[in-house]
1. Filter the stretch 66-76 down to the residues that are crowded, with 20+ Cβ neighbours inside 10 Å and either closer than 17 Å to residue 114 by Cα or free of Cβ contacts under 8 Å to residues at least 24 places away in the same chain (or both) and list them by number.
2. Testing residue 131 on (1) within 19 Å of residue 14 (Cα to Cα); (2) surrounded by 17 or more Cβ atoms within 10 Å (Cβ to Cβ), one condition comes back false. Which one is that?
3. I need the full set of residues from the stretch 110-121 which are surrounded by fewer than 17 Cβ atoms within 10 Å (Cβ to Cβ) and in contact with a strand residue (DSSP E or B) (Cβ under 7 Å, 6 or more places away or on another chain), in order please.
4. Quick one: which of 52, 74, 70, 84 is under 18 Å from residue 138 (Cβ atoms) and either outside the structural domain of residue 126 (by TED's automatic domain parsing) or modelled with pLDDT under 95 (or both)?
5. Please work out if residue 17 is under 17 Å from the mean Cα position of the chain (by Cα) and at pLDDT 95 or above.
6. Is at least one residue of the stretch 43-62 surrounded by 13 or more Cβ atoms within 10 Å (Cβ to Cβ), touching a residue at least 60 places away in the same chain (Cβ under 8 Å), under 22 Å from residue 118 (Cβ atoms) and in contact with a helix residue (DSSP H, G or I) (Cβ under 8 Å, 6 or more places away or on another chain)?
7. In the stretch 100-130, which residue that is touching a residue at least 40 places away in the same chain (Cβ under 8 Å) and closer than 16 Å to residue 74 by Cα is farthest from the chain's Cα centre (by Cα)?
């Protein structure tokens, strides 16, 4: 896919509630280590966990880009000419496509904290992937960007 100007871009980092929950868990473990081994090891434990959480949060950000040439989701990309029908999915529809309606050959980029998404049909005769299922907080604008003929 060529790197054209973005028609649409969505970036989905970790939500605040997930950060708070993971920091609580990290703090609990650091407290237990502090109680057993002292301040130095408790501090080291907390620092290592914080660095790990920062790394994980940055490496798992979901970035969706639509250009005039195609679609990029994370490191995966597909040319626009291979994109078929596009469907914005509600929470219930997304749950169905992630579960009982799921085709094991599909390509899924999901984030558990995002309940809505888009199903993009793939029409590449060389690609056995029937569709991409993508988590998106802004499913309607993403669908509109993919449907436009820019």
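1. Listed by number, the list holds a single entry, 73.
2. (1)
3. 110, 121
4. Residue meeting the stated conditions: 74.
5. yes
6. no
7. Once the filter is applied, the top-ranked residue is 120.
The values are calculated or read from the model by the stated rules, or taken from the named source; none is laboratory data. As the structure is a prediction and not an experimental result, all values here were calculated from the model. Methodologically, a virtual Cβ is constructed for each residue, glycine included, from the backbone with ideal geometry; neighbour enumeration extends over all protein chains shown.
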